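Q: Right, I'll just put the structure down here and ask away after.
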Amino acid sequence: PHLGVKFVIGTWIAGAWVSGQSYLFQCAVNPKRLDTKYDVTATSAGGFAAVGAMSLFCVKARIPGIHTPLHYFAFPHLIWCLAQEYALPYCDPKKAKGMPYLGNEGCIGGIFFGLVMGTMFVKRRADATAVAKFFGNVKGAAK
């Protein structure tokens, strides 16, 4: 499958938005997550996580110039995002108690959005063939 630049940029923007909403939801559910009411998150990591998660569906996608499969970089990036979200806030040496904190949290929302986009819009040829065969069988059974 071919992913255009507009589609990837749209996925990045929407993934960043969903990432921010995920962070707000997590803070509403668990207020202990915040040290101060001024803690914020950078949602760009959620956008990159969405693009990375979506790219896992494109196993033949290559990075231009170096011809390396894209998922070689996407999977480690997703692991890094999850580590930043769930481990780093608890062991970050720059995080001072009682001071506002800027972190890359909420990436799980971006990963979820990327998986949804990949499932809905990145179709493999085998999937299209299976759907065509199914509808062919249904049409044949209706006769």
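Q: Accessible area of the stretch 5-138 with a 1.4 Å probe: how many percent of it is carbon plus sulfur?
A: Working: 6180 of 8570 Å².
Carbon plus sulfur share of accessible area: 72 percent.
Q: Relative to the longest principal Cα axis of the chain, at what angle does helix 125-142 sit, 0 to 90 degrees, rounded to 10?
A: Tilt relative to the chain: about 50 degrees.
Q: Looking only at Cβ-Cβ distances, which cysteines of the chain have no other cysteine closer than 4.7 Å?
A: Cys27, Cys58, Cys91
Q: Give me a comma-separated list of calculated 3J(HN,Hα) values for the stretch 12-21, in order, Karplus coefficients 6.51, -1.76, 1.60 applied at θ = phi - 60°, integers in Hz, x for any Gly or Pro.
A: 5, 5, 5, x, 5, 5, 5, 4, x, 5
Q: Between the stretch 76-101 and the stretch 1-66, what is the C-alpha centre distance in whole Å?
A: 16 Å
Q: Right, another one. When averaged across all projection directions, what area in nm² does the alpha-carbon convex hull of the stretch 5-138 cover?
A: Details: hull surface 42.8 nm².
So the mean shadow area of the Cα hull is 10.7 nm².
Q: Just to check I understand the Karplus step: with θ = phi - 60° and J = 6.51 cos²θ - 1.76 cosθ + 1.60, what whole-Hz values come out for the stretch 94-109, glycine and proline as x?
A: Ordered by residue, 3J(HN,Hα) equals 7, 7, 9, 4, x, 9, x, 10, 10, x, 9, 9, x, 4, 4, x Hz.
Q: Whose amide H sits under 5 Å from the amide H of Asp39, counting only residues 5 or more places off or on another chain, with H placed in the peptide plane?
A: Under 5 Å from the amide H of Asp39 lie the amide H atoms of Tyr101, each far enough along the sequence or on another chain.
Q: List, in order, the whole-Hz ³J(HN,Hα) value for each residue of the stretch 84-90 obtained from phi through the Karplus relation with A = 6.51, B = -1.76, C = 1.60 and θ = phi - 60°; use x for Gly and Pro.
A: In residue order, the calculated couplings are 5, 6, 9, 10, 4, x, 8 Hz.
Q: Can you give the charge dipole size of the stretch 5-138 about its Cα centre, rounded to the nearest 20 debye, using +1 on the beta carbon of Lys and Arg and -1 on the beta carbon of Asp and Glu? Can you show the working numbers first?
A: Numbers: 13 positive and 6 negative charges, 70 e Å.
Here the size comes out at about 340 debye.
The values are calculated or read from the model by the stated rules, or taken from the named source; none is laboratory data. Owing to the predicted nature of the structure, the values given are computational and were not obtained by experimental measurement. So basically every Cβ, Gly included, is an ideal-geometry build from the backbone, and we count neighbours across all protein chains shown. The accessibility values were calculated without ligands, DNA or RNA, using every heavy atom of the protein model including side chains. Shrake-Rupley method; radii C 1.70, N 1.55, O 1.52, S 1.80 Å.
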